[in-house]
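The values are calculated or read from the model by the stated rules, or taken from the named source; none is laboratory data. A quick note: this is a predicted structure, and the numbers were derived from the prediction, not measured. All Cβ positions, glycine included, derive from the backbone under ideal geometry; neighbour counts span all protein chains shown.
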Amino acid sequence: MIRSGFACIVGRPNAGKSTLTNALVGAKVAIASSKPQTTRHAIRGIVNRPDAQLILIDTPGLHRPRTLLGQRLNDLVYATWSEVDVIGVCLPANERIGPGDRYLLDEIAKLPKRPPLVALATKTDLVGKPRLAEHLAAVGQAADWAAVVPCSAVTSDQVDVVADELIALLPQGPRYYPDGEITDEPTETLVAELIREAALEGVRDELPHSITVVVDELGLREGRPEERPLLDIFASLVVERDSQKGIMIGHKGERLREIGTAARHQIAALVGTPVHLDLHVKVLKDWQRDPKHLNRLGF
């Protein structure tokens, strides 16, 4: 038997959750952006060690919902918290503990069966030693922690210690996934997320929430020699209004081409194959508030 189980990485928006998840897994399984509500799925990343298997779930940030999509994302967060073995709470070292962090800790405290908590003082690369010491003192008083770990996913500082502390709190159990697997997300989901990450770059604040991506078709092009494969991807960038469609396409299609180029490089790195990406923009009016649209889009 090994130690194996599930850990949930939580924190308010832009606390470093997705970047830390990717650093722990050693590959990109969760998209990162400075925009709130970037994560919309409970992405699973898998950390394999000879004596342990840690399955990380990077959930959407908890927030006060303004739409049906927001409500469903919050429901997903509460459901995930109730089922994991340990919760890692990201509290960035470059910001003081605020009302958003306290709200999150209060909500976790209300769980009928609360898993042990590990405080993750992220983004230590952005602060000096005096500020870090002050932050760790404040973190120590914020909750009843099983452990407190300062870390930086960007410089990989103490990322292995984060894994050690999370694994130490797991029960003994089986390997849930074969060795070598780093995520159980279907390729289509990861591809859609990478396109959405590229689309989020440089858009104004009201637009990120309105963007989602659907992969319409994905497959290796037929008739290509085995040593020169090409993955064809046809995908739709979905927005809520015609004005947003114009923004995503840009002047003479320039913005859409930039998104396509950025996404294509990331996808090719993910799948290890050259990629042909055909990207279109379509409008689904107010999809975030429409149950039919949400169901069809997989939320």
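Counting residues in segment 66-85 that are more than 20 Å from G45 (Cβ to Cβ), surrounded by 21 or more Cβ atoms within 10 Å (Cβ to Cβ), in contact with an Asp or Glu (Cβ under 9 Å, 6 or more places away or on another chain) and in contact (Cβ under 8 Å) with a residue 40 or more places away in the chain gives zero. Test I55 against the stated conditions and say whether it is modelled with pLDDT under 80, among the hydrophobic types (A, V, I, L, M, F, W, C) and within 24 Å of R175 (Cα to Cα). Judged against the criteria, I55 is not a match. Contact map, segment 277-290: first residue assigned by TED's automatic domain parsing to the domain that holds H209, second residue polar (S, T, N, Q) and in a strand (DSSP E or B), Cβ cut-off under 8 Å, separation 6 or more or different chains; pairs are L279/S236; H280/S236; V281/S236; K282/S236; W287/T212.
Meeting the requirement of 2 or more residues that are closer than 27 Å to P65 by Cα, the helices (runs of 4 or more DSSP H) wholly within segment 173-273 are 187-200, 242-249.
Which of (1) surrounded by 12 or more Cβ atoms within 10 Å (Cβ to Cβ); (2) more than 21 Å from N14 (Cβ to Cβ); (3) not assigned by TED's automatic domain parsing to the domain that holds P50 is the odd one out, the single condition E193 does not satisfy? For E193, the failing item is (2). Is it the case, given these coordinates, that A138 is more than 18 Å from G16 (Cβ to Cβ) and not acidic (D, E)? Taking the combined requirement at face value, the residue does not satisfy it. Just so you know, in segment 119-151 the residues that are closer than 23 Å to L170 by Cα and free of Cβ contacts under 8 Å to residues at least 40 places away in the same chain include one that is surrounded by the fewest Cβ atoms within 10 Å (Cβ to Cβ), and it is D144.
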